[in-house]
Amino acid sequence: MRCTYIFLLTFLVMMGACQKQDTALCELDYLIERRYAIHAHHQNDLDSLCRMPMEQLNDRDRFVRYGQIFDRYRAFNIDSQLVYADKRLALSRSIDDAFYREAAQMNMSEVMMRLGMYHDAIQYLDSSSAKGVIDVLYPYYYNLRRTLYGLMADFAISEAQQTSYLSLKRLYTDSLMQVQEPGSFYQEVVHADGLCAEGQYTEALGLLSRYESQHSISADQQAISAITKAQIYHKLGMTDQEKEQLIISACSDMQAAIREYISLRELALLLYHSGDIDNAYRYMRCAIEDAKAGCARGRTIELGMLYPIIESAYQRHEQVHHRLLIGFMSSIEILTILFVCSLRIQ
């Protein structure tokens, strides 16, 4: 009978462990499973927008329509986004207006940056600002500059290069903050990002928390705030809080049909370092599949350097799990035999 109790106790313990789940991760898992349907719905909306007749539109209205499609393809399919950036650039040449020319060149710079072609991105930005920048385009221009130099710092091959790029990023972060609407959400986020770059992490968190307590923010804004907070918590070494914010941001990305994202990749790395190999592997695999589907070549290369490390750990983990499972099943068989023998003896 004692063997029977041991068997039942072992079984109940394992069942309890299997049933214990993280609610937030369950929500993320659900969205990941549904992401193909979400992507299909987003693509259908885009197809409807692309099919709208343009024959009656003049060049300026067509430029605006192409811009709407360009925006909807952002972080969803970069090759398609490039098609509409090309269309805007071609139209801008027939429209004798500096605004259209500069906007189109900045669009091309954005796509080149997302494709990892940083040299071309800088050339388009330089062309757009050769005769000055139209006032209304300054936020877009400064944001492209700061994002571009931030990416270049990530891939710098020397400390001197990285320092130089980070210095340029801070310069354009300051400039962007000056042209944002005073007291707006985006000005506060840029300010928090600048404080984080200076090592003022507590101040950055306080800034975002105060803004959110005083204003209602949209789902998109919550996602931006969450990834910014996650980066700050990472600097502070506050893993649990970082994980919470990354999950919020990752869920928002999935719901918004975003394929080129940062949060799920960072969550996968965090889970990998904390020993959760199963989820780390699934999330990193999801990230690289979506990056490929969205033609995000720069992001695919970046993920391609991380994926083999997690995949190797996952294979080792599966081998250990398989050996443990065989041992557990063998134990059950032995306990069952002993249980049957005890019944016969009685």
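The values are calculated or read from the model by the stated rules, or taken from the named source; none is laboratory data. Here the structure is a predicted model, which is why all the values come from computation and not from measurement. Positions of Cβ are generated from backbone atoms using ideal geometry, with glycine treated the same way; all protein chains shown enter the neighbour counts. Surface areas here come from the heavy atoms of the whole protein model, side chains and all, with no ligands, DNA or RNA. Shrake-Rupley method; radii C 1.70, N 1.55, O 1.52, S 1.80 Å.
Percent relative contact order of the chain, based on C-alpha pairs within less than 8 angstrom and at least six residues apart? Normalised by residue count, the contact order of the chain is 17 percent.
Going by alpha carbons, how many degrees (0 to 90, nearest 10) lie between the helix axis of 159-179 and the longest principal axis of the chain? With both axes taken from Cα atoms, the answer is about 60 degrees.
Relative to the longest principal axis of the Cα atoms of the chain, the long axis of helix 185-197 makes an angle of roughly 70 degrees. Remark: region 132-147, residue by residue, has Karplus-estimated 3J(HN,Hα) of x, 10, 4, 3, 5, 8, 4, x, 5, 4, 5, 5, 4, 4, 5, 5 Hz, where x stands for each Gly or Pro and the curve is 6.51 cos²θ - 1.76 cosθ + 1.60 at θ = phi - 60°. Of the solvent-accessible surface of the chain, computed with a 1.4 Å probe and all protein chains present, 55% belongs to carbon and sulfur. What is the sum of charges, Lys and Arg at +1 and Asp and Glu at -1, for the other residues whose Cβ falls under 15 Å from the Cβ of residue 183? Here the count lands on -2.
Is region 88-194 rounded, prolate or oblate when judged by the Cα gyration tensor, a ≥ b ≥ c being the square roots of its eigenvalues, rounded requiring a/c under 1.5 and prolate requiring a/b larger than b/c? Oblate, because a/c is 1.5 or more while a/b does not exceed b/c. Hull volume per residue, based on the alpha-carbon atoms of the chain and their convex hull, is 171 Å³. Legend: calculated FRET efficiency, residue 47 to residue 255, from the Cβ-Cβ distance at R0 = 22 Å, rounded to 0.05, equals 0.65. Taking amide H as placed 1.01 Å from N in the peptide plane, the amide H of residue 180 sits under 5 Å from none that are at least 5 places away or on another chain. Principal-axis analysis of the Cα atoms of the chain puts helix 277-293 at an angle of about 30° to the longest axis. For the chain, the solvent-accessible area works out to 56 Å² per residue, with a probe of 1.4 Å and every protein chain left in place. Only helices enter the 222 nm calculation for the chain: every DSSP H run of n ≥ 4 contributes -39,500 (n - 2.57), and dividing by all residues gives -28000 deg cm²/dmol, rounded to 500. With 0.36 nm allotted per residue and the present C-alpha distance subtracted, the residue 162-residue 34 stretch has 42.2 nm of extension available.
Local charge for residue 125 was computed over the other residues whose Cβ lies under 12 Å away, with Lys and Arg +1 and Asp and Glu -1, and equals -2. Which aspartates and glutamates does residue 87 reach when only Cα atoms under 18 Å apart count, and residues fewer than 8 places away in its own chain are ignored? Cross-link targets: 47, 55, 59, 61, 71, 79, 96, 97, 102, 110, 120.
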